[in-house]
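What follows is one structure encoded as structure tokens, with my remarks underneath.
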Amino acid sequence: MKRWVGILLLASARVGAAQANPEDVVRAFFKAEEEERWQDAAALLDQSYVVGMQRNIVHGFRNRSSIHKLTVEELMRADSTMPRAVAEYQLKRMNDVTRDSDFLENDFARITTVDSLALLTPSEAAARWLEAKGPVYRTERSYRRGWTQVDCPDMSDSAKRAMLVKKSQFSHSTILGAARNSDSVSYVIVGITYDAPRFENSEVRMEQSPRTMTLHKVSGAWKIVPTLDMPDAYGLGGMNTFAIACGRGELLPPPASKN
């Protein structure tokens, strides 16, 4: 019993030490993202900001006015030269893009209905929001929709996905320093480096202007203020729309966007 109490006290002391230093909070945040521990990463955010976003999205979807949906006939009237088959194809693409689930899944991982979004606890909403910004989820989602392609006939589907995820993680964040504005507000400066792929055995390293992450104290602990352009462990989330041609040693132009 004493041994377990000691372990718990040691763990609490480590958490307390990390919370006492804004740079360590961001460092722990990036580490949790790299290991896909989304609940742990979410615990380092000021979740009230994500809850506000969650509430606004739910309110917007539930209170929006009825949107008129175009018909094939209306498209053909707008362009008298358009064949019916083309109009049907265009309408299908438009409907696929405007599905509610696409908008929701883009911001909250694996959330496809407004009701399921509304039921998320603050920690669950923050975790799903972070996961949706990460390169693994974004790449998987892009692959399922055909936005990202791998022209490697002899490669298994799982191997293709693994390759795409690796290619999407071509940037990373580095903590450069911190500046304290007051006892309750601090700024952590983050540098972003891109190892942009050009050929199989060659990369071009690029540096982006440093970004700033804001932290403030919530109940005595430093918490990260989440923003839509907040850097993560992989810079700004990486690239998730591209194509790879095996044997050619190059990245192909990205497939046509379906947005």
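Derivation of every value follows stated rules applied to the coordinates shown; laboratory data play no part. All figures in this text were calculated on a predicted structure; none of them were measured in a lab. Virtual Cβ from ideal backbone geometry, glycine too; neighbours counted across all protein chains shown.
A few notes on this one:
- Local electrostatic count, Ser184, Cβ distance below 11 Å [Lys/Arg +1, Asp/Glu -1]: +2
- Phi to ³J(HN,Hα) by Karplus 6.51 cos²θ - 1.76 cosθ + 1.60 over segment 214-225, Hz, x for Gly, Pro: 9, 10, 9, 7, 10, 6, x, 10, 6, 10, 7, 7
- Counting beta carbons within 10 Å around each of Asp229, Asp115 and listing the fewest first gives the order Asp229, Asp115.
- Phi angles of segment 123-132 translate, via the Karplus equation with coefficients 6.51, -1.76, 1.60 and θ = phi - 60°, into HN-Hα couplings of 5, 5, 4, 5, 5, 5, 5, 5, 4, 5 Hz per residue; Gly and Pro are given as x.
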